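A short write-up of the structure that comes next.
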Amino acid sequence: MAGEPTAEAVSERDLFAQDAGSLPRSLAGALYLQPTPYADGEVAPPNTSPPLVRHAARQQWPPVWNTRLLGRRAAAAVVIEWERGVLFLLAPIVIAAGVFAYLALPIEPSLPALGVVSTLIATMLWLTRHRFGLSIALAACLLFVVGATFARIETRRVNTKMLGSEITTRLTGRVVDIDHLANGRIRLIMDVISTERPRLRYAPDRVRVSTTTVPRGLVAGSTVTGVARLFPPSGPLRPESYDFSYESYFDRLGGNGFFFRPPVLVNEAAPAPFSVRMIAAIDNFRNGIASHIRSAIGGAEGEIAAALVVGVRAGIPEEVNEALRRTGLAHILSISGLHMALVASSIMGVMRLAFAAFPAFASRHAVKKFAALNALVIVAAYLLVSGIEVAALRSFVMLAVMLIAVLFDRAALTMRNLAIAALLVVVVTPHEVVGPSFQMSFAATAALVGGYAAWSQWRATKAVPQMQRGLMHLLASKTLKLLGGIILTALIAGTATTIYGAWHFQRISPLSLFANLAVTPIITLVMWSGVFAAVAMPFGLDGPFLGTMGWGLSWMLAISEWLAARSPLDAIGVVPGGAVALLTVALLIATLATTWLRALALPFVALGLLSLAGRPLPDAFVSEDGKLVGVRTPAGTLAINRSRPNAFTVEDWQRALVAETIVKPANATDQEEEEFVCAEGACTIFKGRAMIAYVEESESVAVFCDTAALIVVAEANARERCGGRTATVITARDLALRGVAEVVLHGENHRAEITYAITQPLRPWHAGRQFSRAARGLAEYRPSGRAKTPVAVQ
C-alpha cells in the first residue's frame, strides 16, 4: 500500500520516535538529521516524529555489523539516558575528578587563578547556552574547576600547623576525645593550650597522645598537663599509598606522641568556649554509652557492640580486626546505611503504630509525615553521636532526602539520592574523595542501586504467570528469593569495592562472599537488638537486648576467625593507579547507564584487568627515616636490614610485594643467600647480580661506589657521592624531604630508578618536613654519652 513504511523502517521509526519539542534543538537535529524512507519513496520530514514511544527494542543490543543502525541506536540510547537525568548523576563525579586533579598537581594552585578560570568558563557557558553539546562540555569543565577550587578552599581553611621534627616538651591541653585502646593504653586528642621547656614557637593546635593511665574524673573538656614526646605525622609508607600526614592535616592533628608519665589535671583559668563545651558534652555522652555497653557485654564483643551503636572502635583487638579484614567483614564496624535505615524505620514504625491507636486523629492528619519528621530529627542526632564518618554522612543524606520527599509528597529516586549525598560530601569535605571510606562506601551503594535497577528493568520485560500455589511452594519460593538476594547483594557490593580495597590496602578477601552469607542473619539480629537496646537504655531495660547482641557477636567472631584461618593469602601487591581509574570508569558506566550502553563498561574492565595483570613489582623500598631497607627476593620473601624493624611498615611492604615471610639480617660468618649481611656498620644484599648496600656513615660510601647499584646512607649530613660511577646514592636528607623511596632496577647494568612518595615542592600537608633536622642536613640528635648501636644487633 502506498505510503506504508517497510518493516525495517517501522522498527527504526519506532526506535527513534521522540517528541522533538522535549529535546534541545541541537540534540534533536543531531538525532533526526537523516530522513526516514518509506516504501513508496516518500520520506518523513526531519526533526519530526510521532509521540514518545518506549519500545522494548531500545534495550536490545544492536548488531555490530550494521554501523548505521548501531550509530542511530546509540544516539537514541544517549537521548534516553539524558531524559532519565544522567547528567545530574555525573555532576558529583566531575567535581570529584577536579578534587583529584588538585591533589595530583605538583604545586599549590592560586585561589584567585582558579576563580578567574571559573569566571571565564561560566561566561563562555552563558554565551553558548543555546548550543547544547558545547554547553554540556563547558558545564563539565566548570564543575571540574569548581571541584579543584573547593579542595583549595578547604586546604586554606584548615591550615593545620604541623610539627616539623620530634621534640620533648611539657604539654598542657584540653581533652577533646578519649579512646581506650585494646592494649590497655588510653589515647587522648588534645587542643594545645601551652608548651614549656622548651616553648614551641610553632606549636600545633591539636595533637594525639597516648598514656598508660589517666587521672580519676578525666572527661572530654578537662585540662591536663605532662611531659610528652611529640612526633610529626608520618608520610606514606610507599608511593601512591595511604598518606597519614594528609589525613592528619585535614583532621587538624599537628602531631602525635606519648606522655612519659600519666598527665595530671589542672584548673583552667578561663572557661572553654561554648562550641568546645558542646562538643565535649556530645563526646562524653558517646563515651558513656560505649562504657555501658562494654561493661554489659564484655570482651571483644563489647567493643564491637560499642562500635556498632556509637562508632567507638579504638578498643577492638587487632587480631579481631585482622580476622574481619581477612574475611571481608570489616565494613560491619562502620556506621552506614544498615544502621541508619534500622533507626529510621524503627522510629517511623513505632510512631505510626502509636498514631493508629487514635483513629480519629490519624484519619484527619498526615501521620506518615509526622513520623518521617521525627525520624529525620532522631537520625540526625544519631549521626552527631556516631562521629559523622563518611559512610554515616552518606547514609544520612540519602535517608534525609527520602524523608523530606515524604514530607512534600514527592517520589525520591535512589540513585539521585546517592548523587545528592556524594555532592554534599564532595563540597563540604573534598579531601575525603581520595580516602578508602568514601570510595568503598559510594562504590558499594552505587553498585547495589544500579544492580537493583537493572534487575527491575529485566523483570518488567518478563511476563509473570499467575497461578495458584500451595503454602509449601510459596515458602520455598520466598526462601530462595531471600537467599538469592543476599548472595547477589554480597557479590555485587564485594565486587564493586574489591579494587579500592586492593589499591589502598593491597589485599583482597577471597572468602568474603561466604563470610557475608554466613553472618548476614546474625548481623540483622544484632542490629535490631542494638536498636531496641538504645530505646530501652534510658529506662534501664536494655540488659536482654545487649545480651542478645553479645551472643550474636560471639557467633560472628567465631565464624570470621574460622574462615580467616582457612583463607588463602590475601595480599595482591601494588595496584597501579591507571588500573583503578579504568575499573572506576567501568563501574560508573555499569551503574549509571540504564540502556544497553552498560555494555561499554566491558572494554574498560578488560583494559583495567590487563594493566593490573601486567604491573611490575618494585625491587626495594627505603623507609623515610633512612634506617630500614626492604628487598624483594626471587624466592618471594622480603629481606630487611634490621632485626627489630617497624612491624607496621614491614607488613605493608609485604602486602605490596606479595611476600609471605620476612628474612632478617645475618652476620658475615653465617651468610645465606637472599638476605642482608651486616658487619661494621654496613649491610649488603644481592638482587640478582646487583648489590644494594646500607651504610650508617658517609665515610663508608666510597667503598661501594664501584660495586653497588644502590647505596642508602643513614646520615642526613652525608656529603660523599659517587659522582659518575655505578651506584645511585640515597641519603637520609633525601628521604626526609621526599618520603619513602621505591626502587626499580633496570637493564644489565642494574640502573636504579628511584620514585619518592612525596613530590617537590611540598604541599601544605607536607610542608613541616622541611623543618626537620634531617631535611636541614643536621645530624640526628643524640643525648650525651649515648653511643650508636651497631646495625647487626638492632
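Report, by residue number, each residue of the range 269-293 that is of a type in the set (A, V, I, L, M) and in a helix (DSSP H, G or I).
Val276, Met278, Ile279, Ala280, Ala281, Ile282, Ile289, Ala290, Ile293, listed by residue number.
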Exercise. Are any of the residues in the range 634-646 in contact (Cβ under 8 Å) with a residue 40 or more places away in the chain, within 20 Å of Ala502 (Cα to Cα) and open to solvent by less than 10 Å² (accessible area, probe 1.4 Å)?
Worked result: no
For this session: Take the range 123-173 and flag every residue that is surrounded by fewer than 21 Cβ atoms within 10 Å (Cβ to Cβ) and closer than 30 Å to Arg261 by Cα.
Result: Lys161, Gly164, Ser165, Glu166, Ile167, Thr168, Thr169, Arg170, Thr172
Exercise. For Thr461, which of the numbered conditions (1) among the β-branched types (Val, Ile, Thr); (2) at pLDDT below 85; (3) under 16 Å from the mean Cα position of the chain (by Cα) fails to hold?
Worked result: (3)
Exercise. Out of curiosity, is Ala693 under 38 Å from the mean Cα position of the chain (by Cα), modelled with pLDDT of 80 or more and open to solvent by less than 50 Å² (accessible area, probe 1.4 Å)?
Worked result: yes
Problem set entry | Subset of the range 248-286 (residues that are within 26 Å of Ser772 (Cβ to Cβ) and open to solvent by 40 Å² or more (accessible area, probe 1.4 Å)) | Asp251, Arg252, Asn256, Phe258, Phe260
Exercise. So is Glu108 of a type in the set (Asp, Glu) and either within 19 Å of Ser135 (Cα to Cα) or in a helix (DSSP H, G or I) (or both) or not?
Worked result: no
Exercise. Limited to the range 202-226, what total is found for residues that are open to solvent by less than 10 Å² (accessible area, probe 1.4 Å) and more than 26 Å from Asn159 (Cα to Cα)?
Worked result: 2
For this session: Give the residues of the range 227-240 that are under 30 Å from Val574 (Cα atoms), open to solvent by less than 20 Å² (accessible area, probe 1.4 Å) and of a type in the set (Gly, Ala, Ser), sorted by residue number.
Result: Gly235
Problem set entry | Test: Leu638 is at pLDDT 90 or above and within 30 Å of Ile711 (Cα to Cα) | yes
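Which residue out of Arg187, Arg197, Arg216 is touching a residue at least 40 places away in the same chain (Cβ under 8 Å) and in contact with a strand residue (DSSP E or B) (Cβ under 9 Å, 6 or more places away or on another chain)?
Values: Arg197 fails: touching a residue at least 40 places away in the same chain (Cβ under 8 Å); Arg216 fails: touching a residue at least 40 places away in the same chain (Cβ under 8 Å).
Unique residue meeting the criteria: Arg187.
Yes or no, residue by residue, for (1) hydrophobic (A, V, I, L, M, F, W, C); (2) in contact with a Lys or Arg (Cβ under 7 Å, 6 or more places away or on another chain):
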position: Arg201; (1), (2): no, no
position: Arg206; (1), (2): no, yes
position: Ser210; (1), (2): no, yes
position: Ala220; (1), (2): yes, no
position: Arg229; (1), (2): no, no
position: Phe244; (1), (2): yes, no
position: Ser248; (1), (2): no, no
position: Pro262; (1), (2): no, no
position: Phe274; (1), (2): yes, no
Problem set entry | Number of the exception - Thr595 against (1) at pLDDT 90 or above; (2) farther than 28 Å from Thr327 by Cβ; (3) polar (S, T, N, Q) | (1)
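One line per residue, one yes/no per condition, for (1) touching a residue at least 40 places away in the same chain (Cβ under 8 Å); (2) surrounded by fewer than 21 Cβ atoms within 10 Å (Cβ to Cβ); (3) among the acidic types (Asp, Glu); (4) part of a helix (DSSP H, G or I):
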residue	(1), (2), (3), (4)
Asn374	no, yes, no, yes
Leu383	yes, no, no, yes
Leu393	no, no, no, yes
Arg410	no, yes, no, no
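Results for (1) under 24 Å from Pro761 (Cα atoms); (2) assigned to a helix (DSSP H, G or I), shown as yes or no for each residue.
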| position | (1), (2) |
| --- | --- |
| Ala113 | yes, yes |
| Ala122 | no, yes |
| Trp126 | no, yes |
| Met162 | yes, no |
| Thr172 | no, no |
Problem set entry | Looking only at the range 324-341, and only at residues there that are open to solvent by 10 Å² or more (accessible area, probe 1.4 Å) and out of contact with any Lys or Arg (no Cβ under 9 Å at 6 or more places or on another chain), the one that is modelled with the lowest pLDDT | Leu338
For this session: Quickly run through the range 233-253 and pick out the residues that are small (Gly, Ala, Ser) and in contact with a Pro (Cβ under 6 Å, 6 or more places away or on another chain).
Result: Ser245, Ser248
Exercise. Glu753 fails exactly one of the following numbered conditions: (1) in contact (Cβ under 8 Å) with a residue 40 or more places away in the chain; (2) open to solvent by 10 Å² or more (accessible area, probe 1.4 Å). What is the number of that condition?
Worked result: (1)
Exercise. Residues Glu780, Glu720: which one is of a type in the set (Asp, Glu), under 29 Å from Tyr202 (Cβ atoms) and modelled with pLDDT under 90?
Worked result: Glu780
Exercise. Does any residue of the range 343-362 turn out to be closer than 26 Å to Ala444 by Cα and not hydrophobic (A, V, I, L, M, F, W, C)?
Worked result: yes
Exercise. Looking at Val622, Val650, which one is buried (at least 19 other Cβ atoms within 10 Å of the Cβ), under 20 Å from Tyr756 (Cβ atoms) and over 24 Å from the mean Cα position of the chain (by Cα)?
Worked result: Val622
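What residue, of Ala362, Ala344, is surrounded by 13 or more Cβ atoms within 10 Å (Cβ to Cβ), assigned to a helix (DSSP H, G or I) and in contact (Cβ under 8 Å) with a residue 12 or more places away in the chain?
Details: Ala362 fails: in contact (Cβ under 8 Å) with a residue 12 or more places away in the chain.
Only one candidate passes the filter, namely Ala344.
The values are calculated or read from the model by the stated rules, or taken from the named source; none is laboratory data. These numbers were taken from a predicted model, which means no experiment stands behind them. Quick reminder, even Gly has a Cβ in these numbers, built from the backbone with ideal geometry, and neighbours come from all protein chains shown. Accessible surface is based on the protein model in full, side chains and every heavy atom, while ligands, DNA and RNA are left aside. Shrake-Rupley method; radii C 1.70, N 1.55, O 1.52, S 1.80 Å.
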